[in-house]
Structures are given as structure tokens and as C-alpha cells.
1. Over 22 Å from residue 123 (Cα atoms), modelled with pLDDT of 95 or more, buried (at least 24 other Cβ atoms within 10 Å of the Cβ) and out of contact with any strand residue (DSSP E or B) (no Cβ under 9 Å at 6 or more places or on another chain): which single residue out of 27, 23, 18 fits that description?
2. So if I check each of 371, 378, which one is surrounded by fewer than 20 Cβ atoms within 10 Å (Cβ to Cβ), touching a helix residue (DSSP H, G or I) at 6+ places or on another chain (Cβ under 6 Å) and not in a loop (DSSP other than H, G, I, E, B)?
3. Kindly provide the set of residues from region 623-641 that are touching a strand residue (DSSP E or B) at 6+ places or on another chain (Cβ under 6 Å) and closer than 14 Å to residue 562 by Cα, ordered by number.
4. Out of all the residues in region 668-691, is one or more more than 27 Å from residue 378 (Cβ to Cβ), in contact with a helix residue (DSSP H, G or I) (Cβ under 6 Å, 6 or more places away or on another chain) and assigned to a helix (DSSP H, G or I)?
5. Can you say whether residue 391 is more than 30 Å from residue 468 (Cα to Cα), loosely packed, with under 14 Cβ neighbours inside 10 Å and modelled with pLDDT under 95, as far as the supplied structure shows?
6. For region 140-158, which residues satisfy the criterion of being within 16 Å of the ligand (Cβ to nearest atom) and under 21 Å from residue 9 (Cα atoms)?
7. Tally time: how many residues in region 553-573 are assigned to a strand (DSSP E or B) and over 15 Å from residue 622 (Cα atoms)?
Ligand code: ADP
């Protein structure tokens with residue numbers, strides 16, 4: 001007799017819902033099917049596992065179609081008290097065995113993952129009991145001697161070890177940032193104070209990052225309470241000083257779990273009452289609550305869910321009864337796996353440290369970038385900088401842009417100026433890029449010149465898109481001397497990098513260029529060497545995702561193919577990641593090229609798909625993917641070859657991709673990188689160095705590369721890095737886009 005089928009995969013979402021869970025589900029289902037494995041969804045979390053029946057359903061390719069843009073989880077989530085009991089888990093085991101499921105991917109928080117691990121450990125005993133009670137056969141038990149589990153973290157709080165980001169945290173941060181931006185404008189109009197309460201009972205991530213992105217005046221988080229018992233007095237003094245310095249509003253962002261040093265809960269109404277009395281003005285409380293879980297998932301969460309889901313299938317298929325269960329997470333941009341229960345234990349240890357009032361340990365456990373962000377935040381929200389030390393040499397540091405505007409540029413300038421001033425230096429703003437510098441458009445910036453800049457799109461200082469040559473180079477050298485500039489931070493794109501390299505190379509002829517220049521990658525195209533991400537790309541990706549969601553919706557009742565053209569020049573990042581986030585079936589990028597044979601295959605796939613009942617096709621084309629096979633060409637080709645099966649429309653997204661308020665991620669990265677850049681410049685000048693460099697995020701690290709490496713690392717002709725990490729994601733995009741012919745035939 002044939003062996004019963006083994007290795008069926010079950011997937012469930014549990015605990016609080018989080019945006020991006022659907023993306024993970026879609027990836028898990030489709031990757032499993034593509035690997036030839038049957039996959040079942042368990043509806044309503046562990047309740048579905050215990051109740052069984054119709055709550056455990058076989059999934060098909062189509063059952064997860066059209067769900068990327070939906071918030072929450074389509075298979076439902078619930079809390080189950082029964083699953084906490086031995087009996088409940090025994091029933092759950094029986095229900096799984098009815099479907100021959102012995103591999104389980106659980107998407108949830110630490111509670112859900114702990115539950116899964118207990119279930120796994122008990123599995124052999126549960127099976128024995130079920131056999132003894134005659135509820136399952138010995139054969140069935142023998143065929144599935146162990147339960148293999150893999151965990152993904154779905155939680156808006158970003159509170160788990162083993163991943164830099166949990167699925168849902170970025171979307172929650174979007175909601176918070178949108179709310180704080182909106183509140184800021186009304187608060188400023190009426191000179192009002194607002195207390196905004198965000199989620200996070202044990203974890204201050206959302207409050208901290210929301211405060212950083214929204215330009216808050218005070219932030220309260222559980223891991224690091226105010227270090228004085230008289231914190232109310234301190235807060236009042238700070239807010240009063242802020243108003244005196246010219247701020248028109250005050251915003252306090254606090255986590256649900258905010259507490260004082262003795263562990264006493266700090267309520268939002270208490271904060272409001274205290275401030276109202278002291279400031280003599282209206283103080284309003286906004287509790288964001290479930291708004292943070294709502295709405296469509298951000299591009300980041302969709303792609304995170306997708307990548308993690310794909311990796312979870314690989315992991316659960318590779319797992320053995322002997323191997324430890326793993327948690328799949330993200331470090332920097334890389335997908336990693338870590339021992340599941342170690343991650344849970346570490347997570348709980350932060351809560352224990354907070355409960356034991358050991359705040360130093362709590363911050364330590366949260367990790368270096370959390371700590372660093374809190375330190376930066378505390379500087380940025382000051383009402384005035386620290387006064388320079390009496391003996392201090394005050395450096396003159398310039399901040400400027402080069403290349404196209406990228407959302408987040410202003411947040412970078414704000415951080416650079418304030419950090420520089422707080423370190424005691426003179427900060428100069430250069431208007432209109434290198435062209436402006438050549439014309440001497442240089443002005444001294446003060447603390448309030450950058451007030452409110454974190455949230456603004458575009459580029460307040462202005463930028464320019466020409467690499468200076470000849471006379472301009474000479475003028476730039478003169479202006480550097482005239483303004484006695486000691487170092488320059490250029491926040492911009494490829495043109496900035498080329499210019500900085502040229503100035504560096506011209507040092508022999510122009511002594512003025514013997515100063516450190518540091519480059520901060522800012523370009524929606526994400527095409528800069530030495531950094532896996534550049535400022536602006538995340539905002540652009542969200543703009544693309546929003547636009548494509550709408551475009552897709554416009555065609556619900558029609559049989560239609562869209563060819564959507566996105567920016568990026570010869571760098572396919574936006575096209576690929578935009579395609580992944582919107583479920584495009586085909587992405588055309590310059591790196592891969594486009595040829596007639598591929599187009600023929602695409603036409604055949606479209607025809608076959610629409611003949612079988614498909615209603616919508618989405619092709620995303622990077623603007624410079626190919627000179628001959630342009631977007632109108634492709635539209636004409638598909639239209640002609642599609643005959644009566646479907647019609648074709650083009651959408652060239654254009655400049656909407658560059659516009660709008662920067663995403664929280666772009667604001668936060670801009671702030672982090674600018675802080676590091678200013679410290680780099682100060683260190684160079686103070687130690688007598690003149691090294692020019694470009695900063696970047698590589699994996700989890702922030703690194704500086706000497707500017708000499710620019711030609712080695714950049715593909716100058718195509719204006720992109722020689723190595724692009726995201727090229728590895730292409731196979732995932734391909735697998736998830738459409739079933740391979742073998743699977744269609746099945
Ligand atoms: P989260 O996963 O978001 O931390 P919970 O802690 O509420 O959310 O856990 C969700 C569900 O996981 C619970 O309702 C319960 O069914 C299950 N669960 C949590 N902890 C355990 C445990 N120690 N043993 C068994 N099941 C658990």
C-alpha cells in the first residue's frame with residue numbers, strides 16, 4: 001500500500017492581526033504549491049485548529065489572489081483558551097492528522113509562537129493518547145511522528161527578537177506618522193498641545209519611531225522612563241522653552257506602556273491635565289488605538305511578508321525532527337533564521353527588565369539602533385542646542401543637495417543641522433546644489449530654520465541636476481574658501497556622487513577641495529553604490545503601490561491588461577519591488593533586458609490566462625528597460641496579440657512617484673544617516689583628516705566607503721551600483737506572479 005502523503009503544510013495567523021499577514025499567507029500558499037506540496041489554511045488561529053472541520057481548508061493558487069492590498073488577515077485570527085489546555089491541543093493534533101498536516105507555519109506574536117512550540121514538544125504524547133483513545137490509527141500516528149514548525153512574527157509592535165521588523169510594524173508607523181502630521185498642522189494653527197498615545201504595552205518602538213518621524217517634542221516609552229521623579233516639571237519647562245524659541249505646537253507621543261522610573265503607569269489624561277494647568281492652554285489627547293492596525297499594508301510590509309513567507313516554506317520543508325524550530329526574520333535587508341524559542345525568551349527578558357525597573361538592561365536588549373535613535377531623538381527635540389564649549393573650535397559645516405529631489409531629504413537636513421549645532425558648530429545651508437554653491441548661495445542655519453522639516457516632501461534647500469565642470473569648479477573652490485567651509489554633507493543622488501568624486505580628484509589643482517565631503521544616498525531610484533537603500537526609495541515605492549492599487553481597482557469588471565511604467569532609469573529596483581508589492585505578473589528591467597522572445601512568451605501567458613478566465617493583467621516596466629521596446633510598443637503588441645481576449649491600457653506614473661510626504665522609514669533612515677555623517681565630518685576635521693566618503697546601509701551595518709571607491713563600485717554608464725542585492729529577489733517575484741505551466745495542468 002502506498003504511504004500516505006506526508007509533508008502537507010498548514011498555515012495560521014494568530015494573536016493580534018497585522019498588515020502584511022496576507023502577503024505572507026499568499027507567499028506561503030503559492031510557494032508551497034509551486035514546490036508541489038499541498039497547503040491548508042487554518043482559519044481563526046488556534047481556535048480553528050481546535051475546532052477543525054471547515055476551519056481547516058485546502059488552499060489553491062487563486063484562493064490567495066487579490067489579497068496583497070488588504071489589511072488584517074483573510075484567514076482570521078483569534079485568541080484560544082482551549083489551545084492553552086492539553087485537551088485542546090490533543091484535539092488540534094487530531095484535526096491536523098485528519099488532513100495529514102505535520103508541518104505548521106505560525107504567523108503571530110510571542111504568545112502564539114510559544115503555543116506552537118509547546119504543541120510541537122507534546123506532539124508524540126498527544127498522538128499516543130489519540131491512538132489509545134481510538135481517535136486515530138496507529139498507522140496515521142506512525143506516518144507523522146513529529147510536528148515541524150516555523151515561526152513568522154506578525155505584530156504591529158515590533159517587539160520580537162530575531163527580526164529587525166515584525167510584519168505590520170511599518171504600516172502601523174505609517175498610520176501614526178499620518179496622524180501626527182495631521183495633528184501637527186491643526187496644533188500649529190491654534191498653538192495647541194497634543195498628547196498622542198500609540199500602541200506598545202511593553203515596547204516603545206512605535207512611540208519612539210513615530211516621534212522621530214513626526215518631529216515630536218517629547219516621547220515616553222516603557223524601556224526608558226524620564227530619569228527624574230520630577231519629570232512633569234521637566235516636561236513643562238521643555239515645552240515652555242520650545243514655545244519661547246518659536247514653536248507653535250507641542251506634541252507628546254507616548255506608548256501605552258509608558259511608566260515612570262518606579263514602574264508607575266503614566267496615563268495620557270494625567271499628562272494632559274498637568275500640561276493644561278501649567279501652560280494655560282488647551283491640551284488634547286488622541287488615542288490612536290485600532291487605527292494603527294487598519295488600512296492597507298505599506299509596500300515594505302507587503303514585501304516583508306512575501307519574502308518571509310517564501311523563506312518560511314523553504315525552512316519548514318528543510319526542517320527535521322532533530323532540528324530546532326526556527327523563526328524567520330529580517331536583519332537589515334537579509335532574511336535570516338534564528339532559533340525560535342531563544343527569540344521568544346529574549347523578547348520576554350525585555351519585559352522582565354522593564355518590570356524590574358532595570359531600564360539600562362531593557363535599552364541594551366532593544367539593541368544599538370533603538371538606543372541610538374532615542375539619543376538622537378532627545379537631541380532633535382531640544383528647544384535650543386547645547387552651548388558650545390568655551391575652548392571649542394567651531395567648525396563651519398555645509399549641508400546641501402545634488403540630483404533630483406527625494407522624499408526624506410529635508411528630514412536629513414533637519415537632523416544634520418540640529419546635530420551639528422548641538423555639537424557646537426556653525427551649520428551652513430547651501431541653496432540649489434553645486435550650481436548654487438558656485439554662485440555663493442550659502443547661509444547660516446539656526447535651530448529653528450529646520451523646524452517642521454521632517455515631514456516635508458521635496459527639497460527645501462533646493463537642488464540641481466548638473467555635474468559642474470570648468471568654470472563652475474573654480475567658482476565652487478572659491479566659495480568654499482570664501483565661506484571657510486571645513487566640510488560638506490551632500491544629500492543626493494548619482495550626480496552628487498560624481499561631483500564629489502570629481503572634486504576629490506581635482507584636489508591637486510584646487511587646495512580648497514582638501515576638505516572632507518560626505519555623501520548621503522538620497523534618490524528614489526535606489527541606484528547608489530555602497531548602500532542597499534537610499535532615502536526616498538521607500539516613499540516612491542509606497543506611491544507606486546498606492547497608484548497601482550487604484551489602477552487595478554478601476555478595472556474590476558473588465559478584462560484588461562495594464563502596462564505600468566515606473567521610474568528608476570536603468571535601475572530596476574522600483575519596478576521589481578513595486579511589482580512584488582502589487583502582485584504584477586511580469587516586471588521588465590534594464591538589468592535583465594527585454595527581448596522579442598520574452599515578449600512572445602508573455603503574450604502567450606496572457607492569452608492562456610485570459611482564456612482560462614483571468615480578468616486582470618499587470619505588467620510593470622522600468623522606464624529605461626529597453627530603448628526600442630517602449631511602453632507604447634508593448635501596449636500595441638499586447639493589444640494586437642490579445643485580440644478579443646482582453647484590452648490593454650498604459651499608465652505612466654511619472655512624477656507622482658517623487659512627491660508627497662516622506663514615509664516614516666525614509667525620515668528615520670535620513671535622520672540616522674545624517675547624524676552619522678555629521679559626526680564623521682567632525683571627526684575628520686578634528687583629527688586633521690580630509691577623507692571624503694559615502695555612507696550607506698549594508699545589511700544591518702552603517703558603513704562609510706572612501707570616495708575613491710566610487711568608480712570601482714558604480715556602473716557609471718548605467719548609473720547604478722555594480723552589485724545590487726535585490727536582484728536575488730527576482731526568483732520570488734517570478735514564482736509568486738503566476739503558476740508555472742506544470743502547476744496549471746495539475
Ligand atoms: P501574541 O501571539 O500576539 O503574543 P497571545 O499571547 O494572545 O498573542 O497568543 C495568541 C494565542 O496563542 C493564545 O490565544 C493561545 O491560543 C496561544 N498561546 C499563547 N501562549 C500560549 C501557551 N503558553 N500555551 C499554549 N498556547 C498559547
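1. Answer to the selection: 27.
2. Criteria check complete, one pass: 371.
3. 631, 634, 635, 638, 639
4. Scanning region 668-691 turns up no residue that is more than 27 Å from residue 378 (Cβ to Cβ), in contact with a helix residue (DSSP H, G or I) (Cβ under 6 Å, 6 or more places away or on another chain) and assigned to a helix (DSSP H, G or I).
5. yes
6. The answer is 147, 149, 150, 151, 152, 153, 154.
7. 2
Residues checked against (1) surrounded by 24 or more Cβ atoms within 10 Å (Cβ to Cβ); (2) closer than 21 Å to residue 332 by Cβ:
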| residue | (1), (2) |
| --- | --- |
| 129 | no, no |
| 136 | no, no |
| 151 | yes, yes |
| 155 | yes, yes |
| 164 | no, yes |
| 176 | yes, no |
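The values are calculated or read from the model by the stated rules, or taken from the named source; none is laboratory data. All figures in this text were calculated on a predicted structure; none of them were measured in a lab. With ideal geometry, Cβ positions are generated from the backbone for all residues, glycine too; neighbour counts draw on all protein chains shown.
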